[in-house]
Amino acid sequence: MSPELFDPRAILRVLAEHSVEFIVVGGVAVQTHGYMRPTRDLDIIPRPDLVNLSLLGEALAELGSRLHRTQRPVDITDPQILKRAALVPLVTTYGRLDVMNIESTAGRVGRYSELRERAIDVDLGTIRVAVIGLDDLIRMKKAAGREQDRIDIGALTALDEDLAREAGEST
């Protein structure tokens, strides 16, 4: 993989072909909600049951996934490992993919079923992708508290305020 290659649609397509259920979070979700900023990876939270994680493991194998920045031999296609790990940072044929465990974020954003219920479905031509809802995304960003997260929150809330102001002016 070349360092500049990042094709999130190709990663999403492979996940969809394997019927993996997941929610897109992170920078791609920020873009979906209107703040167009660069990102170098796709972040997902898969539904945490073992059947779905087995499907994810198959998709990861097809994507040629390997752990990012480590030489440790870990079977990243093993659903038990995927279920236990808080974060699995990967490099795939199409770029970076971070797989987050909902249980590691549960205190911050809720259960998978709750996130999925509030997620928005985005049509990408031949596939539909669930993207975390705006309020949940902001909550997740606040909990993480990194500099980029604070920038994202500011931009997303400013966009929301701009839309509310425009709606008020048109009435």
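The values are calculated or read from the model by the stated rules, or taken from the named source; none is laboratory data. The structure presented is a predicted model; accordingly, all values stated were derived computationally and were not measured. Every residue, glycine as well, gets a Cβ built from its backbone with ideal geometry; the counts of neighbours run over all protein chains shown. The protein model used for the area step is the full one, side chains on, heavy atoms only, and it has no ligands, DNA or RNA in it. Shrake-Rupley method; radii C 1.70, N 1.55, O 1.52, S 1.80 Å.
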List, please: which pairs have Cβ atoms under 8 Å, are six or more places apart or on different chains, and start with a residue in the stretch 1-27 that is farther than 16 Å from ARG66 by Cα and end with one that is aromatic (Phe, Trp, Tyr) and modelled with pLDDT under 95? ILE23/TYR112
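Answer yes or no as to whether SER2 is small (Gly, Ala, Ser), part of a loop (DSSP other than H, G, I, E, B) and at pLDDT 95 or above.
On the way: small (Gly, Ala, Ser): yes; part of a loop (DSSP other than H, G, I, E, B): yes; at pLDDT 95 or above: no.
For SER2, the condition - small (Gly, Ala, Ser), part of a loop (DSSP other than H, G, I, E, B) and at pLDDT 95 or above - is not met.
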Considering residues that are open to solvent by 10 Å² or more (accessible area, probe 1.4 Å) and touching a Leu at 6+ places or on another chain (Cβ under 8 Å), the number found within the stretch 48-75 is 5
Looking only at the stretch 76-87, and only at residues there that are among the hydrophobic types (A, V, I, L, M, F, W, C) and more than 17 Å from VAL28 (Cβ to Cβ), the one that is surrounded by the most Cβ atoms within 10 Å (Cβ to Cβ): LEU82
Quick one: what pairs do we get from the stretch 126-143, first residue touching a residue at least 40 places away in the same chain (Cβ under 8 Å), second among the polar types (S, T, N, Q), C-beta under 8 Å, 6+ apart or different chains? VAL131/THR32; MET140/THR105
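Helices (runs of 4 or more DSSP H) wholly in the stretch 76-135 with at least 2 residues that are among the β-branched types (Val, Ile, Thr) - which ones?
Details: elements: 79-84, 102-109, 112-118.
Qualifying helices (runs of 4 or more DSSP H): 102-109.
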